[in-house]
Amino acid sequence: MTPKHEKQEFVTVLVRDPRTQKEDSWHSYIDYEIFIHTNSMCFTRKTSCVRRRFREFVWLRQRLQSNAVLIQLPELPSKTPFFNMNNPHHVDHRRQGLQEFLEKILQDALLLSDSRLHLFLQTQLSPEDMEACVSGQTKYSVADAIHKFASLNRRFPIEDEETKKGKTDVDSDSESSSSRLGPSDDSVSCGCKASPASEES
C-alpha cells in the first residue's frame, strides 16, 4: 500500500444523457448532462450534475481562451450545418467530442483556476449570470452559487451531509439556465485561486 496513490487527485467528468428541449414552438435544441466526481481541492463540490447545451460550451471555450491566451485550447466538435438532432450517431458523436474537450480542459492547472469553468460545471447559471458573478456584480460569490445550486439539486446524499453544518435554508428557485441566486451569508472560498475577471463584456 502506497500512501502516495491514496492521496492522488483525480477528476472524473462524464458528458451523457442527451435530451431534446423545446425552445419554442419552432425551435428545439439538445442539452447534455455533465457529471463531475473529484477529490481535487480546486473544486468546491466533489460531485455535481448540470445540463448544458452546445452553444454554452462554445461560450466557455471563448472565455477560457481570452483569459489564457498562451494556451492552445482543445477544439470542440465542429458545428456542422448537417447536424441532425434526430440522428443518434450525430448526437453521440457530439457528446463524445464535448466529453473529450472537458477531459483535456480539466488536465490544465491554469484553466482549472478560472471561475467560469467551475460555474459552468457546477451551477446552472446562464453565461450572462456567470460573467456577472465572476466580475463581482452579484451579491453571491462563485462558491455561494455552487453551494446553493447543489442544495437545490439534492442528488448526492454524502455531499449534503458534509454541507449541513452552518447551512442556511435556500429559497426555492428555478433550475433553468437563467436561474438567479439570491444573496448568501456563506463566505466559502474556492480551493483554487480564481483568475481575474476579463475586461471584455
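The values are calculated or read from the model by the stated rules, or taken from the named source; none is laboratory data. Computed from a prediction, not measured in an experiment: that's the story for all the values here. A quick note on method: Cβ atoms are made from the backbone with ideal geometry, for glycine too, and the neighbour counts reach across all protein chains shown. In case anyone asks, the SASA skips ligands and DNA or RNA and just uses the protein heavy atoms, side chains included. Shrake-Rupley method; radii C 1.70, N 1.55, O 1.52, S 1.80 Å.
Some values worked out for this structure:
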read-out	value
Qualifying residue in region 43-53 (condition: open to solvent by less than 30 Å² (accessible area, probe 1.4 Å), under 23 Å from GLN122 (Cβ atoms), of a type in the set (A, V, I, L, M) and assigned to a helix (DSSP H, G or I))	no
Positions within region 57-93 being part of a helix (DSSP H, G or I) and either buried (at least 18 other Cβ atoms within 10 Å of the Cβ) or among the hydrophobic types (A, V, I, L, M, F, W, C) (or both), in sequence order	PHE57, VAL58, TRP59, LEU60, ARG63, LEU64, ASN67, VAL91
Residue ID - surrounded by the fewest Cβ atoms within 10 Å (Cβ to Cβ), chosen from residues in region 94-128 that are closer than 13 Å to SER40 by Cβ and in contact with a strand residue (DSSP E or B) (Cβ under 6 Å, 6 or more places away or on another chain)	LEU106
Condition broken by PRO77, with the remaining ones in (1) touching an Asp or Glu at 6+ places or on another chain (Cβ under 8 Å); (2) closer than 19 Å to LEU14 by Cα satisfied	(1)
Candidates THR12, THR20 - the one that is farther than 19 Å from SER115 by Cα and open to solvent by 40 Å² or more (accessible area, probe 1.4 Å)	THR20
Options ALA150, ALA109, ALA194, ALA132: the member that is modelled with pLDDT of 50 or more and either of a type in the set (Phe, Trp, Tyr) or under 15 Å from the mean Cα position of the chain (by Cα) (or both)	ALA150
Qualifying residue in region 134-151 (condition: closer than 23 Å to GLU23 by Cα and either open to solvent by less than 50 Å² (accessible area, probe 1.4 Å) or of a type outside the set (A, V, I, L, M) (or both))	yes
Within region 27-68, considering residues that are touching a residue at least 60 places away in the same chain (Cβ under 8 Å) and hydroxyl-bearing (Ser, Thr, Tyr), the one nearest to PHE149 (Cα to Cα)	SER48
Residue in region 102-109 that is within 27 Å of SER28 (Cα to Cα), of a type in the set (Gly, Ala, Ser) and outside any loop (DSSP other than H, G, I, E, B) present	no
Any pair with Cβ under 8 angstrom, 6 or more apart, that starts in region 126-141 at a residue that is at positive phi and of a type outside the set (Gly, Ala, Ser) and ends at one that is open to solvent by 50 Å² or more (accessible area, probe 1.4 Å) and part of a helix (DSSP H, G or I)	none
